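A.B. asks: Here you go, one structure.
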Amino acid sequence: MEKLKMHSISKVDDNIEKIGNLFPNCVTEAKVDGKLTKVVDFDKLKQELSDFVVEGRDERYQFTWPDKKQSILLANAPIAKTLRPCVAESVDFDSTQNLYIEGDNLDVLKLLQETYLGKVKMIYIDPPYNTGNDFVYEDDFAQNTGDYLANSGQFDEEGNKMVPNPETNGRFHTDWLNMIYPRLKLAKDLLSEDGVIFISIDDGEIGNLRKVCDEIYGTNNFLANLIWEKKYTVANDAKFFSDNHDHILCYSKNISNFSIGRLPRSEAMNAAYKNPDKHIKGVWKSTPLHAKSGSAESANFTYVFKNGVVFSPPSGTFSRYSAETFKRLDAQDEIWFGKDGMAVPSRKTFLCDLKNEGVVPRTIIQFTAGGHNHEAVEELKSLLDVNVFTNPKPTKLIKLLATIANLNNNSIILDFFSGSATTAHAVMKLNAEDGGNRKFIMVQIPESTDEKSEAYKAGYPNICEIGKERIRRAGKKIKEDNPEAANDLDTGFRVLKLASTNMKDVFYTPEDTNISMFSDLTDNIKADRSPEDLLFQVMLDLGVLLSSKIETSTIDGKNVFRVADGFLMACFDKGLSDATITAIAKMKPYYFVIRDHSMATDAVAANFDQIFAAYSPDTVRKVL
């Protein structure tokens with residue numbers, strides 16, 4: 001239930017609302033006494049009420065909002081966090097190349113910067129649409145500590161806060177922009193030079209999102225605003241229009257390096273090709289010889305075919321082909337003059353020449369090609385037995401976008417608003433269909449499910465549990481449906497969870513220090529952290545893929561990790577001897593990492609560098 005206001009209405013707010021109804025461009029968001037609220041831009045209001053130019057600040061094109069500078073700083077600020085492996089919740093932990101990461105995606109994207117810089121071919125995200133009911137991630141730079149804690153909301157285990165964003169909030173657009181901007185900024189760096197990002201959004205923030213992406217990715221890298229037909233039925237109870245579509249903004253990392261993938265031809269398309277003249281190349285369809293654009297020469301072009309028919313492009317159009325091309329097509333009987341031989345000439349476009357090219361994607365994705373909301377709900381429900389998620393996306397849509405992204409068989413696909421993990425499901429389906437080895441990285445904050453919801457009742461306390469279980473069941477079904485390829489399909493995933501750094505906080509002022517603390521300060525690693533925890537933080541720091549093969553062995557009684565076929569070796573046990581160090585040095589890893597004070601004796605520490613100098617001088621040695 002909503003609380004009573006217990007005070008009279010604000011006439012100022014009422015007047016601002018009236019002005020906003022008349023002149024919506026004159027109402028904006030600004031800080032007043034340290035708080036963001038809706039205010040009137042009086043310079044714009046003066047201009048709206050004047051029939052002459054009102055002198056004021058110099059005009060210039062810009063896109064800004066309160067806290068934008070802090071939002072940029074937030075994207076660049078370092079964090080002291082790590083990712084901890086969770087083998088128990090993973091599937092095929094030792095062999096899979098897929099990742100499921102739990103935690104605030106802003107922090108996760110920061111942690112992935114070193115390791116996955118320029119390695120992701122496709123990003124798809126379905127962020128909160130800012131409808132007022134969706135949760136948005138509230139980053140603490142936006143408010144002082146008191147205000148931040150005063151607003152009741154939900155926290156995950158790491159203290160990340162998610163709050164509803166009603167339209168009555170003076171920060172309605174500001175909060176959403178501050179949430180999306182740093183995340184998209186970090187995501188750009190993860191894309192490969194031929195990579196592409198797809199972002200689903202509705203009409204509410206499409207204008208702002210387009211401007212954000214233009215600023216981050218560049219207007220020259222804008223590819224399309226795809227319109228997806230998410231519903232095929234009409235909502236007759238709609239107040240004005242039946243909302244049947246979503247937008248999917250599409251940007252490349254570098255448009256000069258991006259090559260779009262073409263979609264497969266349908267049977268209906270192929271049925272339009274006939275062969276009335278029994279041509280040796282098979283069925284064909286006539287296409288015009290003129291185009292809407294071209295040079296002045298092609299506009300005045302004239303060609304006489306061997307049967308005497310003269311071709312000149314119609315007024316306002318241009319010839320598609322040169323005289324040399326016309327001569328070749330005429331000689332090969334690839335010009336159609338109609339059944340009577342005297343019709344306006346056209347080219348015979350043969351199906352055999354097009355089958356391998358595919359079809360250029362259209363900006364409108366009909367539900368027959370990209371699926372629809374009801375299909376997505378039923379798809380998820382068939383796996384989990386109950387309806388546990390609101391508005392999931394269909395795998396058909398993600399597969400379509402993956403085709404447009406022109407993925408290769410080893411591409412990495414990232415979704416950092418993973419939700420129900422549709423993207424992971426779609427990637428596994430694609431691999432099953434064509435034998436590919438594409439890898440997915442799913443990132444999702446563990447947002448709690450409502451205790452009254454079907455999801456909670458079914459045993460899913462947060463969204464991450466829904467996503468992980470979906471991948472488990474979908475992977476199992478895909479293998480059952482493709483028994484001949486089951487052994488080669490990677491339907492597993494490593495679960496990693498965002499956590500504070502493995503290192504102890506050892507920053508104390510003299511007055512806060514006492515002698516009883518000294519013994520605790522001899523080890524800089526937190527007591528509850530395992531060697532596996534340390535290994536994954538090292539992998540992040542050194543840029544080693546988190547999906548890399550990890551082997552463990554025992555050398556002279558010590559546990560040793562061998563990662564990526566020996567690219568990285570690490571031992572976090574204490575009491576290392578010369579024998580252990582020598583055996584590892586002889587394996588010649590590129591990196592070798594140990595923890596501080598792990599040598600058995602001072603003599604071993606003194607011999608450490610000499611041993612590596614003798615057996616593997618090029619190994620880069622690191623100490624935690």
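The values are calculated or read from the model by the stated rules, or taken from the named source; none is laboratory data. All figures in this text were calculated on a predicted structure; none of them were measured in a lab. Methodologically, a virtual Cβ is constructed for each residue, glycine included, from the backbone with ideal geometry; neighbour enumeration extends over all protein chains shown.
A.B. asks: Counting just the residues of the stretch 40-65 that are under 23 Å from residue 21 (Cβ atoms) and modelled with pLDDT of 80 or more, which one comes out farthest from the chain's Cα centre (by Cα)? Walk me through how you get there before you give the answer.
C.D. replies: Filtering the stretch 40-65 down to residues under 23 Å from residue 21 (Cβ atoms) leaves 40-51, 54, 65.
Checking the rest, the ones that are also modelled with pLDDT of 80 or more come to 40-43, 45-46, 49, 65.
Working: 40: 36, 41: 36, 42: 40, 43: 39, 45: 40, 46: 43, 49: 45, 65: 24 Å.
Checked the stretch 40-65; the qualifying residue farthest from the chain's Cα centre (by Cα) is 49.
A.B. asks: Among the listed residues 229, 267, 193, which satisfies the condition of being at pLDDT 95 or above and more than 27 Å from residue 76 (Cα to Cα)? Give the steps one after another, and end with the answer.
C.D. replies: Values: 267 fails: at pLDDT 95 or above; 193 fails: more than 27 Å from residue 76 (Cα to Cα).
None of the other options fit; the residue is 229.
A.B. asks: Continuing with this model, one more query. Would you please name the residue that is surrounded by the fewest Cβ atoms within 10 Å (Cβ to Cβ), looking only at residues in the stretch 204-217 that are over 15 Å from residue 126 (Cβ atoms) and out of contact with any helix residue (DSSP H, G or I) (no Cβ under 8 Å at 6 or more places or on another chain)?
C.D. replies: That would be 207.
A.B. asks: Taking residue 364, is it surrounded by 23 or more Cβ atoms within 10 Å (Cβ to Cβ) and either closer than 26 Å to residue 188 by Cβ or among the hydrophobic types (A, V, I, L, M, F, W, C) (or both)? Walk me through it before giving the result.
C.D. replies: Details: surrounded by 23 or more Cβ atoms within 10 Å (Cβ to Cβ): no; either closer than 26 Å to residue 188 by Cβ or among the hydrophobic types (A, V, I, L, M, F, W, C) (or both): yes.
Considered against the rule, which asks whether it is surrounded by 23 or more Cβ atoms within 10 Å (Cβ to Cβ) and either closer than 26 Å to residue 188 by Cβ or among the hydrophobic types (A, V, I, L, M, F, W, C) (or both), residue 364 comes out as no.
A.B. asks: Hey, another quick one. Test of understanding: among 131, 145, which residue is modelled with pLDDT of 65 or more and surrounded by fewer than 19 Cβ atoms within 10 Å (Cβ to Cβ)?
C.D. replies: Values: 145 fails: modelled with pLDDT of 65 or more.
After ruling out the rest, the residue left standing is 131.
A.B. asks: If I go through the stretch 349-361 residue by residue, how many of them are at pLDDT below 95 and either surrounded by 11 or more Cβ atoms within 10 Å (Cβ to Cβ) or not in a loop (DSSP other than H, G, I, E, B) (or both)? Give the steps one after another, and end with the answer.
C.D. replies: If we filter the stretch 349-361 for residues that are at pLDDT below 95, which is where we start, we get 349-360.
So of that shortlist, the ones also either surrounded by 11 or more Cβ atoms within 10 Å (Cβ to Cβ) or not in a loop (DSSP other than H, G, I, E, B) (or both) come out as 349-355, 358-359.
So the count comes out to 9.
A.B. asks: Show me the strands (runs of 3 or more DSSP E) entirely contained within the stretch 218-317 in which 3 or more residues are aliphatic (A, V, I, L, M) and surrounded by 14 or more Cβ atoms within 10 Å (Cβ to Cβ).
C.D. replies: Numbers: elements: 222-229, 245-252, 284-287.
Output list reads 222-229.
A.B. asks: Residues in the stretch 94-114: is at least one touching a residue at least 24 places away in the same chain (Cβ under 8 Å), over 27 Å from residue 189 (Cα atoms) and of a type outside the set (Gly, Ala, Ser)?
C.D. replies: For the stretch 94-114, residues touching a residue at least 24 places away in the same chain (Cβ under 8 Å), over 27 Å from residue 189 (Cα atoms) and of a type outside the set (Gly, Ala, Ser): present.
A.B. asks: Still on this model: Could you grab me the full set of residues in the stretch 275-312 that are over 26 Å from residue 354 (Cα atoms) and within 48 Å of the chain's Cα centre (by Cα)?
C.D. replies: 295, 296, 297, 299
A.B. asks: Let me ask something else about it. Mind checking whether some residue in the stretch 103-121 is outside any helix (DSSP H, G or I), over 20 Å from residue 410 (Cβ atoms), in contact with a helix residue (DSSP H, G or I) (Cβ under 8 Å, 6 or more places away or on another chain) and assigned by TED's automatic domain parsing to the domain that holds residue 402?
C.D. replies: From the stretch 103-121, those outside any helix (DSSP H, G or I) are 103-104, 117-121; that's our starting set.
Filter once more, so that each one left must be over 20 Å from residue 410 (Cβ atoms): 103-104.
Remaining after also requiring in contact with a helix residue (DSSP H, G or I) (Cβ under 8 Å, 6 or more places away or on another chain): none.
The answer is no, given that none of the residues of the stretch 103-121 is outside any helix (DSSP H, G or I), over 20 Å from residue 410 (Cβ atoms), in contact with a helix residue (DSSP H, G or I) (Cβ under 8 Å, 6 or more places away or on another chain) and assigned by TED's automatic domain parsing to the domain that holds residue 402.
A.B. asks: Kindly indicate the residue of the stretch 412-448 that is surrounded by fewer than 20 Cβ atoms within 10 Å (Cβ to Cβ) and among the polar types (S, T, N, Q) and also farthest from residue 485 (Cα to Cα) among those meeting that condition.
C.D. replies: This residue is 448.
A.B. asks: Looking for something assigned by TED's automatic domain parsing to the domain that holds residue 192, in contact with a Leu (Cβ under 6 Å, 6 or more places away or on another chain) and not aliphatic (A, V, I, L, M) - is there at least one such residue anywhere in the stretch 364-379?
C.D. replies: yes
A.B. asks: Would you be able to tell me the number of residues in the stretch 277-315 that are among the small types (Gly, Ala, Ser) and touching a residue at least 24 places away in the same chain (Cβ under 8 Å)? First the steps, then the outcome.
C.D. replies: Taking the stretch 277-315 first, the residues among the small types (Gly, Ala, Ser) are 282, 286, 291, 293-296, 298-299, 308, 312, 315.
Filter once more, keeping what is touching a residue at least 24 places away in the same chain (Cβ under 8 Å): 282, 286, 291, 293-294.
Residues that pass the stated criteria total 5.
A.B. asks: Would you confirm whether any residue within the stretch 443-456 is in a helix (DSSP H, G or I) and either closer than 27 Å to residue 111 by Cβ or touching a helix residue (DSSP H, G or I) at 6+ places or on another chain (Cβ under 7 Å) (or both)?
C.D. replies: Yes - at least one qualifying residue is present in the stretch 443-456.
A.B. asks: For the subset of the stretch 333-348 comprising residues that are at negative phi and modelled with pLDDT under 90, which member is surrounded by the fewest Cβ atoms within 10 Å (Cβ to Cβ)? Show your work before the answer.
C.D. replies: First pass over the stretch 333-348, keeping only residues at negative phi: 334-337, 339-340, 342-348.
Checking the rest, the ones that are also modelled with pLDDT under 90 come to 339-340, 342-344.
Values: 339: 9, 340: 6, 342: 11, 343: 12, 344: 14.
Looking at the filtered set, the residue picked out is 340.
A.B. asks: Looking at the stretch 431-440, can you tell me whether even one residue there is within 30 Å of residue 223 (Cβ to Cβ), under 18 Å from the mean Cα position of the chain (by Cα), assigned to a strand (DSSP E or B) and modelled with pLDDT of 95 or more?
C.D. replies: Narrowing the stretch 431-440 to residues within 30 Å of residue 223 (Cβ to Cβ): 431-440.
In the following step, the residues that additionally are under 18 Å from the mean Cα position of the chain (by Cα) were identified as 438-440.
Checking which are assigned to a strand (DSSP E or B) leaves us with 439-440.
In the following step, the residues that additionally are modelled with pLDDT of 95 or more were identified as 439-440.
Within the stretch 431-440, one or more residues are within 30 Å of residue 223 (Cβ to Cβ), under 18 Å from the mean Cα position of the chain (by Cα), assigned to a strand (DSSP E or B) and modelled with pLDDT of 95 or more.
A.B. asks: Given the residues 40, 91, which is the only one that is surrounded by 14 or more Cβ atoms within 10 Å (Cβ to Cβ), of a type in the set (Val, Ile, Thr) and not assigned by TED's automatic domain parsing to the domain that holds residue 175? Give the steps one after another, and end with the answer.
C.D. replies: Numbers: 91 fails: not assigned by TED's automatic domain parsing to the domain that holds residue 175.
Testing whether each residue is surrounded by 14 or more Cβ atoms within 10 Å (Cβ to Cβ), of a type in the set (Val, Ile, Thr) and not assigned by TED's automatic domain parsing to the domain that holds residue 175 leaves just 40.
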